[in-house]
Amino acid sequence: LRAGARRWRPVRVLGLAGAGVAAAMVAVALPASDETRPGPGTPAAGAPARTLDAGTVLLAAAEKAEARPAGRGAYWRVAKIESNYYEVGEPGARYTVVVASEHATWTPREPGGRVWTRQRELGARAATPADAAAWRRAGSPSAFTLEVPAAPGGGKLKPMRATTAPGPVTTESSPLVDGDKVFWLGRNVTMEDLRALPADPAKLKAELLRWYAGHDTESADRPMSADAWLYRTSVGLVTDMPVTPRVRAAAFRMLAGLPAVEGVGEITDSRGRTGRAVAFDEDTPLGTIRHRLVLDPATGRALADERVLLEPAPGVDRAAGTVLSSAAVTAMEWTDSAPR
């Protein structure tokens, strides 16, 4: 098992297009806050018409990140809310629901420790006010049977049940992989490996590319360009890992130097937070997927890692601009205590 496979691998939904969906028709009420929250990717109110280029956004984030204190603690804590978006309902009356869950991990600084995880299913909700209205017209179902990919990257589908009711909080603990592996960065890495990463963008790029083997981070059967691999790996670096502020800044500067990374404007993420986004587009069987990194311009922190269907492939029954998934970072910090 890869060290990072159990942490912060958002559920992939590439195979959902055109999937048949059945819903149990039981009347319930969605929370009002869920109905009024804007969908991810919504342009921020009063946002400037000019879109900043990726270099400007990323270099500004690097400057902010570099100025932050390094922090210390016995555990590296990361908390996220992961949201996946599904089309449900009958033909001609389909709408989008969000299936969300909250996750937190406490990764020990020292080898030989135990990693703690805490998670909870938050329940399905309508994605937008228009979807909430369509949900009510459909009879306000409280349960949905969705079809999701059986493996990363799409392909064979399997059923998954989702309900509007939140689930219980579960807390688990397990030893570190091999006693010291903490994350996946093209390979299993230790805290010492992360501390040794260079703070120079060119040297960081060369170090990461040592582990590039021509395929993506999920499957050896899916070819991936070096720049796409660097983008995917670096997003994990800035949204998950306890690197120094200088190394996080170097990752932003390295991304700024990738020609295919572009600025996509100021948007609202899945938690309603305003940020500036950069993106990398990838051709997939579903169509062109835009991998979008949302950054807080005030702090340089990563707010969310999102996937958007930029252009559907022929025969794919989902609209251009559909958000497929969002992993929103709600905490990333050192702490001296783990959950019990």
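The values are calculated or read from the model by the stated rules, or taken from the named source; none is laboratory data. Note that the coordinates shown come from a computational prediction; the quantities given were computed from them, not determined experimentally. All Cβ positions, even for glycine, are placed from backbone atoms using ideal geometry, and neighbour counts span all protein chains on display. Ligands, DNA and RNA are stripped out before the accessible areas are found, and what is left, the full protein with its side chains, is counted by its heavy atoms. Shrake-Rupley method; radii C 1.70, N 1.55, O 1.52, S 1.80 Å.
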Residue satisfying all of: in the stretch 290-340; under 22 Å from ARG232 (Cβ atoms) and hydroxyl-bearing (Ser, Thr, Tyr); surrounded by the fewest Cβ atoms within 10 Å (Cβ to Cβ) among these: THR330
Every pair of residues 6+ apart whose Cβ atoms lie under 8 Å, when the first sits in the stretch 206-220 and is hydroxyl-bearing (Ser, Thr, Tyr) while the second is open to solvent by 40 Å² or more (accessible area, probe 1.4 Å) and part of a loop (DSSP other than H, G, I, E, B): SER219/ALA151; SER219/PRO152
Any hit, the stretch 251-263, residues being open to solvent by 40 Å² or more (accessible area, probe 1.4 Å), closer than 16 Å to GLU306 by Cα and not small (Gly, Ala, Ser): yes
PRO259 touching a residue at least 60 places away in the same chain (Cβ under 8 Å) and within 26 Å of GLY55 (Cα to Cα): no
Some residue of the stretch 276-289 being touching a helix residue (DSSP H, G or I) at 6+ places or on another chain (Cβ under 8 Å) and of a type in the set (Asp, Glu): yes
Qualifying residue in the stretch 66-84 (condition: of a type in the set (Asp, Glu), more than 24 Å from PRO339 (Cβ to Cβ), assigned to a helix (DSSP H, G or I) and open to solvent by 70 Å² or more (accessible area, probe 1.4 Å)): yes
Residues satisfying the stated conditions in the stretch 205-230, i.e. open to solvent by 40 Å² or more (accessible area, probe 1.4 Å) and among the aromatic types (Phe, Trp, Tyr): TRP211, TYR212
Pairs, first closer than 29 Å to HIS215 by Cα in the stretch 164-187, second of a type in the set (Lys, Arg) and part of a loop (DSSP other than H, G, I, E, B), C-beta under 6 Å, six or more apart: TRP184/ARG2
Residues of the stretch 86-116 classified as open to solvent by 30 Å² or more (accessible area, probe 1.4 Å) and either closer than 19 Å to MET191 by Cβ or assigned to a strand (DSSP E or B) (or both), total: 8
Selection from the stretch 272-319 of residues that are in contact with a Pro (Cβ under 9 Å, 6 or more places away or on another chain) and among the acidic types (Asp, Glu): ASP305, GLU306
Filter result for the condition that a residue is among the polar types (S, T, N, Q), surrounded by 15 or more Cβ atoms within 10 Å (Cβ to Cβ) and more than 25 Å from ALA331 (Cα to Cα), over THR233, THR163, THR190: THR163
Residue within the stretch 143-157 that is among the charged types (D, E, K, R) and either closer than 23 Å to VAL97 by Cβ or part of a loop (DSSP other than H, G, I, E, B) (or both) present: yes
